[in-house]
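The block underneath contains the structure these notes are about, expressed in structure tokens.
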Amino acid sequence: MKLQMAIDTVDSKKALELVEKVHDVVDIVEVGTPMVILEGQVAVRALRAKYPDLTILSDTKIMDGGSLEAEYACQAGADIVTVLAAAPDPTIKGAMETAHRYGRKIMVDMINVPDVISRAKELDTFGVDYICVHTAVDVQSTGKTPLEELEETVAVVKNAKVAVAGGINLKTVGAVKNIGPEIVIVGGGLTGSANPRETALALQKVIKA
């Protein structure tokens, strides 16, 4: 099980400062969608230049122009690129084919998909690398968590690996670990902590136990 740190609400300069503290204790660093909207792939390029061996995810959340937008992220140095499960199938397949051509991976984000299980089964036949169960930040305030959908998705996905995101922190990561996804994505629960390095180490202690 891998720990992915999602960095959302800073610019590339602050992202570099944060990653400096944790690059050797997290498995994947995510350049979050807000950063991509703010600066494009600037942070991906900066991180790749400084950390050539770091696994970097560009959370592009592609909805259209799959091949082109995936290519932008891959050229910037992303190892993993995200596309929305709600996107048309040709968009998802185009993004996947481009990522694979570069030797990179594609993650399909299930955010706001009405029937997660049916869509996960469909996507699993495409050859995508990861399917991410995701409770949106705006939805978390209602009390919803990704745990139920995660458990259902893990049960039906046979080929892709499963990731999970949505309000996960030190208090909830144990329940996630018990379900067994490949990637646990932690955003504010890690980047917003007083000591991100100590928090990352504590999270790793749980998920790799």
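Key figures
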| quantity | calculated |
| --- | --- |
| Inter-residue pairs, beta-carbon under 8 Å, first modelled with pLDDT of 95 or more and among the polar types (S, T, N, Q) and in region 66-86, second buried (at least 21 other Cβ atoms within 10 Å of the Cβ) and in a helix (DSSP H, G or I), 6+ apart | S67/G94; S67/A95; S67/T98 |
| Region 41-55, subset in contact (Cβ under 8 Å) with a residue 24 or more places away in the chain, surrounded by fewer than 22 Cβ atoms within 10 Å (Cβ to Cβ) and under 12 Å from V29 (Cα atoms), residue farthest from the chain's Cα centre (by Cα) | Y51 |
| Count - residues of region 155-171 that are within 18 Å of K208 (Cα to Cα) and touching a helix residue (DSSP H, G or I) at 6+ places or on another chain (Cβ under 8 Å) | 5 |
| Qualifying positions in region 125-144 - surrounded by 13 or more Cβ atoms within 10 Å (Cβ to Cβ) and either basic (K, R) or closer than 13 Å to D89 by Cβ (or both) | F126, G127, V128, K144 |
| Test: residue in region 20-37 that is aliphatic (A, V, I, L, M), in contact with a Leu (Cβ under 7 Å, 6 or more places away or on another chain) and part of a helix (DSSP H, G or I) | no |
| Selection status of V83, closer than 24 Å to E182 by Cβ and not in a helix (DSSP H, G or I) | yes |
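The values are calculated or read from the model by the stated rules, or taken from the named source; none is laboratory data. What you see is a predicted model; the values in this text were computed from it and never measured. With ideal geometry, Cβ positions are generated from the backbone for all residues, glycine too; neighbour counts draw on all protein chains shown.
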